[in-house]
Every structure is written in C-alpha cells, then in structure tokens.
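The values are calculated or read from the model by the stated rules, or taken from the named source; none is laboratory data. Quick caveat, the model's predicted, so the values are computed rather than measured. Virtual Cβ from ideal backbone geometry, glycine too; neighbours counted across all protein chains shown.
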Amino acid sequence: MTDTPDARTDAPLPHAAARGIRRRTDARGTTDTEPTDAELEAFEAAQRAPKPRLPRWMLVVASILVIVVVGLVAFSVGRLSTLADPTPTQNSAEAGFSRDMQLHHDQGVELAFLIRDRSTSDDIRTLAYDIAFTQANQSGQMLGWLQSWGLPAAASEPSMTWMTRPTLEGASHAHGGTSTDAAAHEPGAPMPGLATPAQIQQLTDATGTDAEKIFLTLMIAHHKGAIEMADAVLERSTNTAVTKFARGVVNSQESEIGLMEDLLAKRGGA
C-alpha cells in the first residue's frame, strides 16, 4: 500500500484560539499546532498593545462603595452581637463609648483617605486602606449596637461625659490611663487623639513625604487616643460585645502604632 500524499486541512484549535494558532490535520490523522508567520505577528502585536485602565475617579468611587458595603454589613453584625446582654441605657458607658468612638473612627477613615491621595508609597497606601476598612467596619458595628439597644445615635449630654463617671471599682478615669479624680476629664472636651481642623488642613495641603510624616504623626496620636477610650470602657462595662470589641481595639491599634513609628522613623520623623 502506498502512502497517501499529505492533504492538510486547517481547523481552529480551541485551547489555542486565543493565541491565533490553528490545528493542521493531514490525511493520516497527524496534527500539529505550528502557527504561520502572520499568526505569530498578530499575536505579538496583541501582546504589545496597551491594556485598558480604569479612570482614577472610578477606582476612588469603587473604594468608597466597598467601604460603605462593609459598614452596612458590620451594622447588621453589630445589631446581632449584643442580644445576650442587658440593654444599656441612654447615658451608660456603653452608649457613650459607642457614640464617641464612632466619631473617632470616622475621622480615622477621613485621614486614611487623605493620605491615600497624597502618597505613592505602597506601605503607606496599604496602611491607609487597612485603617479605612477596619474603622469603617467598626463604626458600622457600633451604630448597630445603638440601634439594637433602642438608643439614638446622638447623645443627650456632651461627648466624653461617660469617661467622667466612676469605674466598676468606684474610681474615675483620667487622661494617661490612670483612675483618679473625675475632674481629670471634662464633659465636652475634645476626644483624646482627635486631630484638630488645623491639623487636617495641614495634611490636606501637603504632598509626598511631608504628607506621610504628618499622617503618621496624627494617626499615632489618634490610635493612642482610641486605646485610652477603649481602656476607659473596659473599666466601666461588663457587656460581652463591648468589652470584646474594646480589647480588640487595644490589641490591634497598639500593633499599628509600632508599625507607624517604624515608618515615621524611616522618613526622618520623631
């Protein structure tokens, strides 16, 4: 029997179609995937073509939407997490802490967004995203607590008043983490670690390394203030959800303070 001359037929190769390669089958059933010169040139040109990128404003909007969704989920979780404990009252330490820490966290999210738009450093931007997502989540959680307790989001007394009241052991909290005289905290006084409008404007006006140093300085103080507030509610509450949350704030923010101090030192900050 004589061999039949090659009679190649071209057919698309499914797994290679994206590369512009075709399968060739001869009369004996043998196949190969050798591309033509034209196919190779077309494939190489496609690889060299610039890939489409989303506009910056779309990335910003997407980030904000994700944080909003995270906050809404955390709100629902917060409502469910306090059902096993006695309901706190309007002027309780739990309610005061939830309201004041929400405001404190909301500023943390604001500072994180400000530095994200003023820095190109991967470590700073990663830290900013982590702070924004974490604190937006926790803010939603605390709003969920107030809703589940049937309490309004707004207080009927000045901020920080709850920190002037006696602890479970009968003492009162003072700045610096000691329990002494109630007068050490004044109702309506600024929350510990909260950045002033002038400091926020300074960060807004800065760029690059200068902005990073301002952000890290403000956020270290901000975290220390949050720890002070968390310690204060731990001295005044036995609520399971609130005390677990407060211990988490202390542990996570102490860790981030160490990280931020290292980042600040690398940039020549104190």
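General remarks:
- Any hit, the stretch 131-150, residues being out of contact with any Ser or Thr (no Cβ under 6 Å at 6 or more places or on another chain), at pLDDT 95 or above, assigned to a loop (DSSP other than H, G, I, E, B) and over 28 Å from Glu261 (Cα atoms): yes
- Inter-residue pairs, beta-carbon under 9 Å, first without any contact (Cβ under 8 Å) to a residue 60 or more places away in the chain and more than 19 Å from Gln202 (Cβ to Cβ) and in the stretch 115-129, second part of a loop (DSSP other than H, G, I, E, B) and not hydrophobic (A, V, I, L, M, F, W, C), 6+ apart: Arg125/Ser119
- Unique match (being surrounded by 21 or more Cβ atoms within 10 Å (Cβ to Cβ), within 19 Å of the chain's Cα centre (by Cα) and over 28 Å from Glu169 (Cα atoms)) among Leu216, Leu259, Leu263: Leu216
- The numbered conditions (1) assigned to a loop (DSSP other than H, G, I, E, B); (2) modelled with pLDDT of 95 or more; (3) small (Gly, Ala, Ser) are all true for Ser159 except (2).
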